[in-house]
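Okay, so here's the structure we're looking at.
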Amino acid sequence: DVKVTQSSRYLVKRTGEKVFLECVQDMDHENMFWYRQDPGLGLRLIYFSYDVKMKEKGDIPEGYSVSREKKERFSLILESASTNQTSMYLCASSSFLRGLGTQYFGPGTRLLVL
Amino acid sequence: AQSVTQLDSQVPVFEEAPVELRCNYSSSVSVYLFWYVQYPNQGLQLLLKYLSGSTLVKGINGFEAEFNKSQTSFHLRKPSVHISDTAEYFCAVSEFQAGTALIFGKGTTLSVSS
């Protein structure tokens, strides 16, 4: 079974803090994704990566950056957290070669910015 | 551009009743289709997927979906629901292209009561 883990389930931060959300997958997937989920808006793609050291902007990249130094790890960074970044953050991974792009999700990190 | 419309934001049903959650998509090319389920405070879990072949796809927990290319629909059905099916359900689409991210609908909340 694919396992995607996220570093924290719940996180409380103050406005202006730098926040790191980490995601690790154990299935050697080449693709990794970060989404945020808000009520009534569904899932919105923040950033994704098709390979180590490679990143692509999604639909809502403003205020976020990412890092992928190793294939299994994809980090989301909030450079200066703001209250409008309070949300549920979901990481996912996939392999087009094995699974034709089916995405597997982590349990999510619920972030509260005060 | 791809898009996914889930026609009902909330679907209340009684236990043991049948249910259908509707999903329509738009795309100019061939697609893969997915349904995911999210239980409270958890990540998304793959329910079923259509990649090719038979248009009737069976998934976990007794759910099934039918791909209708002419109507660009992928409705999810279950003949008899349980209280434990209460969750949010997401329809998603990706194009026949390596590494393409999924486009999600806004979700349908299924509430099953006794």
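The values are calculated or read from the model by the stated rules, or taken from the named source; none is laboratory data. These figures come from a predicted structure and were not determined experimentally. Positions of Cβ are generated from backbone atoms using ideal geometry, with glycine treated the same way; all protein chains shown enter the neighbour counts. Side chains included, ligands, DNA and RNA excluded: accessible areas come from the protein's heavy atoms. Shrake-Rupley method; radii C 1.70, N 1.55, O 1.52, S 1.80 Å.
For the reader, a short list of remarks on this structure follows.
- Qualifying residue in the range B:100-110 (condition: open to solvent by 50 Å² or more (accessible area, probe 1.4 Å) and either more than 11 Å from chain A (Cβ to nearest Cβ) or closer than 20 Å to A:Asp59 by Cα (or both)): yes
- Test: A:Leu97 is closer than 30 Å to B:Gln10 by Cα, within 13 Å of chain B (Cβ to nearest Cβ) and either at pLDDT below 95 or not in a strand (DSSP E or B) (or both): no
- Residue count, the range B:32-52 (criterion: more than 8 Å from every other protein chain (Cβ to nearest Cβ) and at pLDDT 85 or above): 9
- For the range B:44-65, a tally of residues being farther than 26 Å from A:Thr109 by Cβ and either among the hydroxyl-bearing types (Ser, Thr, Tyr) or exposed (fewer than 12 other Cβ atoms within 10 Å of the Cβ) (or both) returns 7.
- When the range A:26-40 is filtered for residues that are within 16 Å of B:Phe90 (Cβ to Cβ), of a type outside the set (Lys, Arg) and surrounded by 15 or more Cβ atoms within 10 Å (Cβ to Cβ), the ones remaining, listed by number, are A:Phe33, A:Tyr35, A:Gln37.
- Among (1) part of a loop (DSSP other than H, G, I, E, B); (2) open to solvent by 50 Å² or more (accessible area, probe 1.4 Å), the one test that B:Val81 misses: (2)
- Hey, B:Ala92 within 11 Å of another protein chain (Cβ to nearest Cβ), under 30 Å from A:Glu56 (Cβ atoms) and surrounded by 14 or more Cβ atoms within 10 Å (Cβ to Cβ) or not: yes
- Residues in the range A:49-89 that are open to solvent by 10 Å² or more (accessible area, probe 1.4 Å), in contact with a Leu (Cβ under 9 Å, 6 or more places away or on another chain) and among the aromatic types (Phe, Trp, Tyr): A:Tyr64 alone.
- Restricting B:Leu21, B:Leu7 to those that are under 20 Å from B:Lys78 (Cα atoms) and open to solvent by 40 Å² or more (accessible area, probe 1.4 Å) reduces the list to B:Leu7.
- Some residue of the range B:71-81 being within 14 Å of chain A (Cβ to nearest Cβ) and not charged (D, E, K, R): no
- All told, B:Thr72 falls short of being closer than 30 Å to A:Ser7 by Cβ and open to solvent by 10 Å² or more (accessible area, probe 1.4 Å).
- Evaluated against (1) more than 15 Å from B:Ile103 (Cα to Cα); (2) surrounded by 13 or more Cβ atoms within 10 Å (Cβ to Cβ); (3) within 13 Å of the chain's Cα centre (by Cα); (4) of a type in the set (A, V, I, L, M), B:Val13 falls short on exactly one condition, (3).
- Qualifying strands (runs of 3 or more DSSP E) (wholly inside the range A:11-68; at least 3 residues being within 9 Å of chain B (Cβ to nearest Cβ), in contact (Cβ under 8 Å) with a residue 24 or more places away in the chain and farther than 18 Å from A:Glu79 by Cβ): A:31-38
- Residue count, the range A:1-10 (criterion: assigned to a strand (DSSP E or B) and open to solvent by less than 70 Å² (accessible area, probe 1.4 Å)): 3
- Any chance A:Gly108 is within 12 Å of another protein chain (Cβ to nearest Cβ), crowded, with 18+ Cβ neighbours inside 10 Å and over 17 Å from A:Thr5 (Cα atoms): no
- For the range A:24-61, the set of residues classified as touching a Gly at 6+ places or on another chain (Cβ under 6 Å) and closer than 19 Å to A:Thr86 by Cβ consists of A:Gly42, A:Leu45, A:Ile46, A:Tyr47, listed by residue number.
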